[in-house]
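Working notes for the structure below.
The values are calculated or read from the model by the stated rules, or taken from the named source; none is laboratory data. No experiment lies behind these values; they were computed from the predicted model shown. Cβ: placed from backbone, ideal geometry, glycine included. Neighbour counts: every protein chain shown. These area figures cover heavy atoms from the full protein model, side chains too; ligands, DNA and RNA do not enter into them. Shrake-Rupley method; radii C 1.70, N 1.55, O 1.52, S 1.80 Å.
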Amino acid sequence: MVVPHHATGARVARHRLADELTGVVPPALLADLVAVLAELVGNAVRHAEALPGGVVRVAWRLRATERGPSVQLRVTDGGSGPGPRLRVASQDAADGRGLHIVTGLSSRWGVERDGLGQSVWAEFDPARSHRPDLVAAG
């Protein structure tokens, strides 16, 4: 899906993800997915250029595994100078914690660049989850 390269883009993406995955993935996983997607889209809007048409592309892929659902989120924008990186934020800082949230909630994340821009992705793998409520019982 595409969302506006604007603050409203994160809200649109969050609602669409929640609508599509409610009842499909465990509630705790859905909460993590929504939080991470909001961070990734918000970062794209704040720190990167838009894709042609003034948009950001948002995608997710859900796979069933023996241990539970595996999900990958991907946000593609027009790119930015140095690209996303973790940074140390002071206690008073108004920002700078977003990728720490992504790191804490996802199994792993990364950045891929091509001639059109960059994609920041985050994966949620139940086999590597640090949260037992995200792993299927059994």
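Can you tell me which residue is surrounded by the most Cβ atoms within 10 Å (Cβ to Cβ) among those in the range 5-20 that are touching a residue at least 24 places away in the same chain (Cβ under 8 Å) and touching a strand residue (DSSP E or B) at 6+ places or on another chain (Cβ under 6 Å)?
Only one residue fits best here, namely 13.
Restricting attention to the range 21-33, which residues are surrounded by fewer than 17 Cβ atoms within 10 Å (Cβ to Cβ) and without any contact (Cβ under 8 Å) to a residue 24 or more places away in the chain?
Result: 22, 23, 27, 31.
Can residue 36 be described as part of a helix (DSSP H, G or I) and modelled with pLDDT of 95 or more?
Yes; evaluated as a whole, the condition is true for this residue.
Got a number for residues in the range 34-66 being closer than 18 Å to residue 111 by Cα and open to solvent by 70 Å² or more (accessible area, probe 1.4 Å)?
Total satisfying the criteria: 5.
Given the residues 74, 85, 128, which is the only one that is closer than 17 Å to residue 42 by Cα, under 19 Å from the mean Cα position of the chain (by Cα), modelled with pLDDT of 55 or more and open to solvent by 80 Å² or more (accessible area, probe 1.4 Å)?
85
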